[in-house]
Amino acid sequence: MERVKSSMQQVPNAIPKVIRRTGGANSLELEKENFERGQVWSPQAVSINKAINTQEVAVKEKHARTCILGTHHEKGAHTFWAAVNRLPLSSNAVLCWKFCHVFHKLLRDGHPNVIKDSMRNKADLTDMSRMWGHLSEGYGKLCSIYLKMLITKMEFHIKNPRFPGNLQMSNRQLDEAGENDVNNFFQLTVEMFDYLECELNLFLGVFSSLDMSRSVSVTAAGQCRLAPLIQVILDSSHLYDYTVKLLFKLHSCLPADTLQGHRDRFQEQFKKLKSLFYRSSNLQYFKRLIQIPQLPENPPNFLRASALSEHISPVVVIPAESSSPESEHMAETDDLVDTDVPSLPAPVETKFDDLFGTSAAIDPFNFNSQNGMRKDDKDRLIEQLTREIQALKDELESFRLESGRLCQVLRGRISELEAELAEQSHLRLQALGESEFLKAELDDLRRVREDTEKEQRSLTEIEKKAQANEQRYTKLKEKYTELVQSHADLLRKNAEVTRQVTVARAAQDEVETVRKEMQEKVKTAQEAADRQEREQLEHLQEIQRELVSSRAELDALKSTVASSQQSSEALGTELATLQSEKAELVQSLSKVEAELVAQGQELERVQSSLVTERESGVKTAESLQNQLNEKESREQTLESQLVAARWSSLQGAVEEAEKIIRDSLAQIDDPAHISCTSSADYLASRCQASLDCMDRLHSAREAFMTDSTGVCELLRVVTQCGHLVGDTIVQGSATSHMVPVEQGDALTESVKKCGAEALSLLEQMKQQDDLAAADDSKLKAALEAIHATAEKLRPRGLELQQGELGDLVEQEMAATSAAVESAAARIEEMLNKSRAVDTGVKMEVNERILASCTELMQAIKELVLSSKELQRDIVESGRGAASMKEFYAKNSRWTEGLISASKAVGWGATVMVDAADLVVQGKGKYEELMVCSHEIAASTAQLVAASKVKADKDSSNLRRLQQASRGVTQATAGVVASTKSGKSQIEEKDTMDFSSMTLTQIKRQEMDAQVLVLELETRLQKERERLGELRKKHYELAGAAEGWGESDEGTG
C-alpha cells in the first residue's frame, strides 16, 4: 500500500489527466495531437525565432526549411502565427523584412492550409504595410512594398485555388483553371498582371535601395535585401509564362482591338522583367544560388498565332544547397547529426599491454577487461554505431521515398505530355479539314473580290486623294498656327533676354560700387598709415633735438672743468709767489676742491643719464622702423590682393562672355531653333553694335594695360561684347532660315566662324601674359563679313525719304477713306437702279445683298476713322520733340505695315463693289462676292493689328478701334449670309426624279456623275495647289517689301 502511495506521489498530475481525458476515442486523439504539436512546436518556434531576428543578415536556409516542415507536420500555420504575433514587427524594419521573407517561403513551399490560415491576419498585414509606407527610404519602404505583394499573392490564391503556392502547373491544369471560358481567362490574365506588377515593384524597390557602384551582393546587409528576390524570380518566371499562354489563347477567341490594353501592359512588364533578370544575373550573390533565365530579345507577337510555337518557357534552376553561402560551418553540421552522443573516452593507459601486446576481451591476462572497464566503452560504441546506422537507414528511406515521388511526378508529366501530343494531333487533323474548307471559301471570295475590286478601285483612289488633300490642308493650317505661336514665343524670349541684360548691367553696377568702396577703404587705410607715420617722425625729430641739447650741455660742462683746472694752476703759481697769503687761501682752496669733487660727481651722473637716454632713443627708433616696415608690407599685401581681385573679376567677366557665346553657338544646332526667324535689318543693327563694342574693347584693354586700376570699363565692355556677339550669332542663324539655302549656309558658316574667333579672343584674354598680345582683328573681320551679308539681304522694296514716307501714310489713309465713300455711293446707286428695274424675288435678294454691303461700308468707314484717331495718339505719345514725319521715318517698318493694310482695305472695298454690281446685273457670281467679303475682313484685321502694335492698351481710341473691328466682322458675316440665302432663292434645283429610268440608264447616269466628280476633284486639286502657290508668292513678296516686323525687334 505504501508502495502504491509513493508511486502516486511521483506522478501527481498523470492520473488526473487520464481521468479527464477518458471521454472517448476523440478525446484520446485530441490529446495525442496536442502532444505531438507540443513536441513539434518547440523546435519550430526556435527556428522561427532564429530565422526572424533583428540582425541584418540573410535568413538561414535550415531555419526556413524547419518552419516549412513544421507547417506540413501540423497541416497549417497556427504555430507560425502564434510565434510571429509575439514579435515586435511594427517597431523594427529589419525584423519585419525577415518576417516577410520567411512568410513568402511558407506561402510557396508550405502546406496549402498556410494561405487559408494567413487570411485571418490580412487586416493586420494591411495596417502594417500602411504604417511602414510612411517611411520614404530604407527597410520601411521595402517592407510596405513586400507586404502589399504578399497580400496580393494570398488574394490571388484564394480567388484561384487551383494554383498552388509555388505556381507550378501544367498546360492542362492551366486550361482547367479557366474552365474553358474566355471571360475567366480574361479576368485571370488581369489578376496575373496585377500580381506580376507587385513582384516587379518589389524588384525595383530593392535595386533602388542598393548602391550598385559597390559590391553590395557580397556584404551581409546587401544579401539580407537580395535574398527574398530568389522567391520573386521563381514567381515572376511562372507568371510570365502563364501570361504569354493566356494571351495567345485570348487572341484566338477575341478581336485584337479588344486586347490592346492587355498587349500594352504586357509590353511594359516585359521590358521591366527583362531588365531586372539581366541585372540580377550579373550579381555575384545570385550566381551561386540560382540560374536566372534570359528572356527573348523581343516580346511575342500575339497577332500571329504561330508565334506560340516559338515561345520557350523560362526555367529557373536552383543548384545543390551545398553551394549556398548559407551553409553552416562543419562543426555545426556535425552537431546536427547527433548532439547527445558523447565523445569517445580517451584510451585507458594499459602498461600491461605495452609490455605483452594487445589483449582481447577473452585474454585472461587483460586485467582492465576483468575489471569491467572495456565493456562499458564497447557498449556505448555499439549503441552509437547502432544509432548512426538507424539514422542512415532513415535518411536512405527518405531518399527512396523522395526518388519514388519524383519518378511518380515524372511519369505524370510524361502522361500529360502524351495527352497534349494526342490533343495536338487531333487539332492538327481538324485544322487540315478546316483549311480545305477555308481554301474553297477563299477561292469563292477571290472571285467575288476580283469583281468588286475594279468597281472600288476608282472610288478608293478618289477618297484617298480627298483625304490627302484634307490632311495637307490641315498640316498647312497647323504649320501656320505653329509659326504664329513660335513668333509669340520668340517675342517673349526677346523680352527675357532684355531683362537678363538689364540684370547683368545691374550686377556690373553693383560690382563697380563694391570696387569703389574697396578703393575708398584702401585710401582711408593709407591716409591713416601716413598720418601715423608723420606723428612717429615728429616724435623722432623731437627726441633727436633733445639729444643735441644734452650734448651741448655736456660740452659746456667739459669747458667748465678745463677752466677750473686752469684756475687751479694759476692759484698754484700765485701760491708759489705769494707764500704770505697761503694761510688765508688754504680755506678757499679746500672749498674749491670740494666743489671740484661735487662737479665731477655731477659730470659722471650726467654722462650716465646721457648713455641711458641714448640707448632708449635707439630702441625707440628701431621700434618705429619696424612699424614702418610692417605698414609697407601691409600696403604691398593689400595692393597684391587688389590686383588679384581685379584680375579675378576680369576672368569672371571673360568666362561669362564665353558661356554666352557657347550657348549661342549651341542654339544653332538646336532643333527647337530651326523655326526661329529674324530680319536682315535687325541682324545688321546687331553687327554694327558688336563692331562698335569691339572698338571700345580695344581701347579699354589698352587702358587696362597702361593702368590696371581702370578695370571697370574693361569688365563692362567684355560683358557687353559677349552679349552683343552672342546675339549676333543667334540672329544670324535665325536670319539664315529666311533666305535661300546657299546664302543661308554661307551665313551660318560666317556666324560659326565669328563664334570661334570670339572664343579664341576671350581665351587669350584669360591669360595675363597674353592679354597685351590678344588680336581682335579676326573677330572684327568676321563681324564685318556678317554685316556685309546682312546688307545684301536687306529688303529693297520701300526705300523712301523721310518726307515721302510721312506723306505716303497720309495719302494712303485719305485714299482708303475716299475709296470707302465711293463704294458706299456706288452701292446706293446700284440699289436705286435695282428697285427701278427688278421685281419680285430678284429685287428682294438684291436689296438684301446691297443693304448688307452698305452696312459693311459703314463699318469699314468707322474702322478707318478709329484707326486715324489711334494713329494720331500713337504719334503724339511717341514722337517727343520730333515731327510727325520723323516719327514715321524712325518707325519705318511699322509705317510700311500701316500703308500696306490701308491699301488692302481700299482695294478690297473697290473690288467688292464691282462684284456686287455684277451680281445685281445677273452677270457675276455669288462666290466672288463672298470671297471679297472675307478678303475685306482679313484686310481690316491687318489694319487693326498694324494700328494697335504701338498703342497703349488702356487707350480709349484702341477700344473704339476694337469695337469697330468687331462691327466689320459682324457686317462681313451679314454679307456672306445674305449672299448665301439669295443664291439659294435664285438658283433652281432639280427634283432628281429617277422613277422613269431603266437600270441601264441609271448605270449610265451614275458613270457620268462619277466622271464629273473626278473632273471637279481634279480641278479642285489644281486650284488648291494654285491657291497655295499664290499665297506662298504673296508671303515672299510681302516679306521682301515690308520686312514683317520692326527693325528694333529680333527673334532668336
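The values are calculated or read from the model by the stated rules, or taken from the named source; none is laboratory data. Since we're looking at a predicted model, the values are computed, not measured. Here Cβ is always computed from backbone atoms with ideal geometry, including for glycine, and neighbour counts include all displayed protein chains. In case anyone asks, the SASA skips ligands and DNA or RNA and just uses the protein heavy atoms, side chains included. Shrake-Rupley method; radii C 1.70, N 1.55, O 1.52, S 1.80 Å.
General remarks:
- Within the stretch 276-305, if we keep just the residues that are closer than 20 Å to ARG263 by Cα and open to solvent by 90 Å² or more (accessible area, probe 1.4 Å), the residue that is farthest from the chain's Cα centre (by Cα) turns out to be ARG304.
- Some residue of the stretch 834-855 being open to solvent by 60 Å² or more (accessible area, probe 1.4 Å), part of a helix (DSSP H, G or I) and at pLDDT 80 or above: yes
- THR677 being open to solvent by 40 Å² or more (accessible area, probe 1.4 Å) and either under 60 Å from the mean Cα position of the chain (by Cα) or at pLDDT below 75 (or both): yes
- The stretch 629-644 residues that are over 17 Å from THR709 (Cβ atoms), paired with ones that are open to solvent by 70 Å² or more (accessible area, probe 1.4 Å) and part of a helix (DSSP H, G or I) (beta carbon under 9 Å, 6 or more apart): LYS631/GLN532
- Members of the stretch 721-772 that are in contact (Cβ under 8 Å) with a residue 24 or more places away in the chain, hydrophobic (A, V, I, L, M, F, W, C) and open to solvent by 20 Å² or more (accessible area, probe 1.4 Å): LEU724, MET738, VAL739, ALA746, LEU759, ALA772
- The selection criterion, being open to solvent by less than 80 Å² (accessible area, probe 1.4 Å) and either out of contact with any helix residue (DSSP H, G or I) (no Cβ under 8 Å at 6 or more places or on another chain) or in contact (Cβ under 8 Å) with a residue 12 or more places away in the chain (or both), does not hold for GLU463.
- Among residues of the stretch 386-398 that are closer than 20 Å to LEU69 by Cβ and assigned to a helix (DSSP H, G or I), those with a beta-carbon under 8 Å from a residue that is open to solvent by 80 Å² or more (accessible area, probe 1.4 Å) and of a type in the set (A, V, I, L, M) at least six positions away or on a different chain give the pairs ALA391/VAL337.
- Residue in the stretch 683-698 that is in contact with a helix residue (DSSP H, G or I) (Cβ under 6 Å, 6 or more places away or on another chain), modelled with pLDDT under 80 and crowded, with 16+ Cβ neighbours inside 10 Å present: no
- Search result, residues across the stretch 475-510 that are of a type in the set (Val, Ile, Thr) and under 29 Å from the mean Cα position of the chain (by Cα): THR481, VAL484, VAL497, THR498, VAL501, VAL503
- Taking the criterion of being among the hydroxyl-bearing types (Ser, Thr, Tyr) and surrounded by fewer than 19 Cβ atoms within 10 Å (Cβ to Cβ), the residues of the stretch 78-100 that qualify are SER90, SER91.
- Looking only at the stretch 176-189, residues that are of a type outside the set (S, T, N, Q) and in contact (Cβ under 8 Å) with a residue 40 or more places away in the chain come to 5 in all.
- Meets criteria (over 36 Å from the mean Cα position of the chain (by Cα) and open to solvent by 70 Å² or more (accessible area, probe 1.4 Å)) for ASP124: yes
- Odd one out for TYR473, checked against (1) open to solvent by 70 Å² or more (accessible area, probe 1.4 Å); (2) hydroxyl-bearing (Ser, Thr, Tyr); (3) without any contact (Cβ under 8 Å) to a residue 24 or more places away in the chain: (3)
- Flag if SER550 is of a type in the set (Ser, Thr, Tyr), more than 60 Å from the chain's Cα centre (by Cα) and either open to solvent by less than 70 Å² (accessible area, probe 1.4 Å) or at pLDDT 70 or above (or both): yes
- Restricting GLY133, GLY138 to those that are on the phi > 0 side of the Ramachandran plot, within 28 Å of the chain's Cα centre (by Cα) and surrounded by fewer than 19 Cβ atoms within 10 Å (Cβ to Cβ) reduces the list to GLY138.
- The stretch 517-536, subset open to solvent by 90 Å² or more (accessible area, probe 1.4 Å) and within 24 Å of LYS619 (Cα to Cα), residue modelled with the lowest pLDDT: GLN532
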